[in-house]
1. Give the residue that is farthest from the other protein chains (Cβ to nearest Cβ), with candidates limited to residues of region B:182-219 that are assigned to a strand (DSSP E or B) and among the small types (Gly, Ala, Ser).
2. Please go through (1) in a loop (DSSP other than H, G, I, E, B); (2) touching a residue at least 40 places away in the same chain (Cβ under 8 Å); (3) away from chain B (no Cβ under 12 Å); (4) out of contact with any strand residue (DSSP E or B) (no Cβ under 7 Å at 6 or more places or on another chain) for residue A:201 and return the number of the only condition it doesn't satisfy.
3. With respect to the numbered conditions (1) in a loop (DSSP other than H, G, I, E, B); (2) of a type outside the set (Asp, Glu); (3) surrounded by fewer than 22 Cβ atoms within 10 Å (Cβ to Cβ); (4) within 14 Å of chain B (Cβ to nearest Cβ), which one is the sole condition not fulfilled by residue A:1?
4. Answer yes or no: is there a residue in region A:176-191 that is assigned to a loop (DSSP other than H, G, I, E, B), under 14 Å from residue A:60 (Cβ atoms) and of a type in the set (A, V, I, L, M, F, W, C).
5. Tell me, please, whether a residue that is out of contact with any Asp or Glu (no Cβ under 9 Å at 6 or more places or on another chain), closer than 21 Å to residue A:40 by Cα and among the basic types (Lys, Arg) can be found in region A:107-130.
6. Would you list the helices (runs of 4 or more DSSP H) that sit entirely within region A:226-282 and hold 3 or more residues that are surrounded by 17 or more Cβ atoms within 10 Å (Cβ to Cβ) and within 14 Å of chain B (Cβ to nearest Cβ)?
7. Is it true that residue B:186 is without any contact (Cβ under 8 Å) to a residue 12 or more places away in the chain, touching a strand residue (DSSP E or B) at 6+ places or on another chain (Cβ under 9 Å) and of a type outside the set (Lys, Arg)?
8. Against the definition (within 14 Å of chain A (Cβ to nearest Cβ), modelled with pLDDT of 95 or more, surrounded by 21 or more Cβ atoms within 10 Å (Cβ to Cβ) and more than 15 Å from the chain's Cα centre (by Cα)), how does residue B:38 come out, yes or no?
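The values are calculated or read from the model by the stated rules, or taken from the named source; none is laboratory data. Just so you know, these numbers come straight off a predicted model, no measurement behind them. Cβ coordinates were reconstructed from backbone atoms using ideal geometry, including for glycine residues, and neighbour counts include every protein chain displayed.
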Amino acid sequence: MDLSVIVDGVKFKNPIVTASGPLGFGDEFFKYVSAEKIGGFTTKTVTPKPIQGNIPPRILYLENGLLNSIGLQNPGVEKFKEIAASLPKECVKIISVGGERPEDFAEVTSKIEEFADMIEINLSCPNIGGKTISSDFELTKSVLASCREVTKKPLIAKISPDVDPLIQSRIAIDAGVKIVNIGNSIQGMRINLKTGRPFLKGVKGGLSGPAFMPVILWKVYQVKDAFPDLSIIGLGGVRNASDIIEYAMAGSSLVGIGTQFMINPSSAVRIVDDLQNKIDSLKMNFADLIGISHRGGFI
Amino acid sequence: MLKRSAKGSYILLDLPYEGKALPGQFFTITTSLGPYIPRPFSVYDLKDGKISFLIKSGGEIEKFLDRAPVIMNGPFGNPLPELKDPLLISGGVGYAPIHFYISKYGFGELVAGFADEELFDFVDIPGSSVSVFDPTTPIEIVKFSTLENIIACGPIEMLKSVKKALGQRSLYLIMEEKMACARGMCEGCAVMTSDGVKFVCKDGPTFKASEVDLEWTYL
């Protein structure tokens, strides 16, 4: 059976895309996995100027997940352009863009679009500054509009699980964006019992991992229900092929994997092979599974 | 195989391993039941088809080690430099990479600090070394050493003291930081150096003391 998916005119050989962030710009990841194996690779977020990132600790171990506070460390768009040309061509190249103001996003988008098959607009980094862009609807509109203005490439709005996904999706659709990534890691914190202070200097971090999957699955389901024509990347807590199928059933056309690939990049091979076996057993193409739970399931 | 210290505060985990590893390198360890994020551990020993790790009890991994198959990945990180007659300094389970270094390259002088006698009784310590116990710290002994080449591994406060006292010499510090990928991808295990942000897993875990900013952390 066929694993391929077409999203906003771009063909993915399978629905697996990497999440922006935990795999950097791919140089280490692709030592373990051939780009021919995955559907798409999403780069770490690129901003106009270099960002040093947050003071350690940047990682907190949790049962069934982790809290990160990396802080969008990246070399800035000019340096990135030297790396961008070497991104693998054997999978869909998604470049994640970030910034603070609409003009930041527009600047990075216009500078990297020639290297990208798709551009993901990071509206929702959980651990820089005070608020996410997603929490400011007017700013979100301006950011999306500014990116739409400077490129014809497909855009992805990466939204925040901390903000109503339906409002964020509506804003994306109105801005001419046809794909939403649901979503970034959700904000959370832990307190050090020995010091009585938060573990992280920025107090909050982004929670990812399997504990988080039902939260995102529900958001994917709601958005697909409200906006059936919107394409969704479901991202949060995926460990295996069964999780991917569950996300597809909820309405995801593509499924992002971050933490799982970070702790075991080689598992990509097993997950793709397992997914193929599972849809062969179901005797269904992957595309037919998308949103099936909204259509009464297997009947 | 799992061996526990007298009061159970420390564990030596022995695993079959026919591959290579050098002192200073580390592996990530988890089990089929968890923890979800594999934990990094320096190699304590490697010989006769067996690799050993020294683990402080109380971490999440401990509850799984007796119950499920261990999953090990590595080696990661860069090996320690092979130095002439080095002064080796350790604090607590920071003794692990020092022990492996000694077994491979020997040493000039060794000063090992322990919170109590339980860990001292549990690990192999060369006879010609100095061991100190709380409240005495290694720094009170090593300040009398005249050796030029130094390697230190232990809690961050100990590393700060060593750098303050001996930072003018050829001092290498084995750094520890929470990490997730162990491969230089996720940028979780950041340290600040004179050349900007580097990562313990990929650029370390050993750094020249003169190049690393030990104050760039939030504790």
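1. Of the residues in region B:182-219, the ones assigned to a strand (DSSP E or B) are B:190-193, B:196-199, B:206-208, B:212-213.
If we keep only those that are among the small types (Gly, Ala, Ser) too, we end up with B:190, B:196.
Details: B:190: 5, B:196: 7 Å.
Filtering first and then ranking leaves B:196.
2. (3)
3. The single condition residue A:1 does not satisfy is (4).
4. yes
5. The answer is no; no qualifying residue exists.
6. So the answer is A:259-263.
7. Yes.
8. Yes: the conditions hold for residue B:38.
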